[in-house]
């Protein structure tokens, strides 16, 4: 390994993330709202990458590429989610979750929001940590270059998709309407697709370093979360019940990977 062993780096990153989550949990108790944790989901990867980069020595082409990709993706998304929280107020998903709690709300949110997200963030960031702990490479190989391109595509999809959705929601004429324009015409979740591209891109970079193939559990967990658990699946169930016309949008639009919409009969 490099100047720090992989087990050491994994352990220190875990402690840093749990420490951050405990601090955010205390802030949430004072605010009476946990919704802002979503912005740290993105910022947390920047924390991991920056800490690991400095702790591991801070040189090497693969390390620098991973740091740049993570910083650009995570900073933009964190600021956007923080702005959305400040603009829109508490997230309805968290409000509904807390309303169902029987017992101590702070204890519930500690275990099921903050610590859970901290552990998941640590797992998803495995490609970042594996690259940072590996011996520094002098040059980027073809896998790292492909990973950088895939990550750039992901950042494009997520950034443009978020911008298009923000503009759509800001127009009062679109109230109650289904967003099916721009990138949203070709995939129901350009932002989630972008997330997946970023982390599979980071995994391609990790394949160039020692033991990097074992970091696959990070992008696998993220993709499963986005598609099957708390991302697309949860959102689509809610919108199918509440938004007229959404079922038709589901029928004609690709669920995840962008593709041309199906033609109506």
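The values are calculated or read from the model by the stated rules, or taken from the named source; none is laboratory data. Computed from a prediction, not measured in an experiment: that's the story for all the values here. Cβ coordinates were reconstructed from backbone atoms using ideal geometry, including for glycine residues, and neighbour counts include every protein chain displayed.
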With in contact (Cβ under 8 Å) with a residue 24 or more places away in the chain, within 20 Å of the chain's Cα centre (by Cα) and at negative phi as the only criterion, which of 48, 4 stands out? 48
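So that you can scan it fast, the table gives a plain yes or no per residue for (1) part of a loop (DSSP other than H, G, I, E, B); (2) without any contact (Cβ under 8 Å) to a residue 40 or more places away in the chain:
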residue	(1), (2)
71	no, yes
79	no, no
97	no, yes
103	yes, yes
113	no, no
136	yes, no
140	yes, no
143	no, no
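Given the options 37, 66, name the one that is closer than 16 Å to residue 120 by Cβ, in contact (Cβ under 8 Å) with a residue 24 or more places away in the chain and crowded, with 20+ Cβ neighbours inside 10 Å.
Working: 66 fails: closer than 16 Å to residue 120 by Cβ.
Result: 37 is the single residue among 37, 66 that is closer than 16 Å to residue 120 by Cβ, in contact (Cβ under 8 Å) with a residue 24 or more places away in the chain and crowded, with 20+ Cβ neighbours inside 10 Å.
Report, by residue number, each residue of segment 69-88 that is more than 20 Å from residue 155 (Cβ to Cβ) and surrounded by fewer than 15 Cβ atoms within 10 Å (Cβ to Cβ). Lay out the reasoning, then the answer.
At the first step, the residues of segment 69-88 found to be more than 20 Å from residue 155 (Cβ to Cβ) are 85-88.
The answer is 86, 87, 88.
If only one of 183, 220 is in contact (Cβ under 8 Å) with a residue 40 or more places away in the chain and either under 14 Å from the mean Cα position of the chain (by Cα) or in a helix (DSSP H, G or I) (or both), which one is it?
On the way: 220 fails: in contact (Cβ under 8 Å) with a residue 40 or more places away in the chain.
Residue meeting the stated conditions: 183.
Picking from 59, 91, which residue would you name as being modelled with pLDDT under 95 and either buried (at least 17 other Cβ atoms within 10 Å of the Cβ) or touching a strand residue (DSSP E or B) at 6+ places or on another chain (Cβ under 9 Å) (or both)?
Just a single option satisfies the conditions, and that option is 91.
Yes or no: residue 121 without any contact (Cβ under 8 Å) to a residue 12 or more places away in the chain, within 18 Å of residue 230 (Cα to Cα), assigned to a helix (DSSP H, G or I) and under 16 Å from the mean Cα position of the chain (by Cα)? Let's see the steps before the verdict.
Working: without any contact (Cβ under 8 Å) to a residue 12 or more places away in the chain: no; within 18 Å of residue 230 (Cα to Cα): yes; assigned to a helix (DSSP H, G or I): yes; under 16 Å from the mean Cα position of the chain (by Cα): yes.
No, not satisfied.
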Please indicate, with yes or no, whether at least one residue in segment 18-30 is at pLDDT 95 or above, closer than 20 Å to residue 127 by Cβ and crowded, with 19+ Cβ neighbours inside 10 Å. no
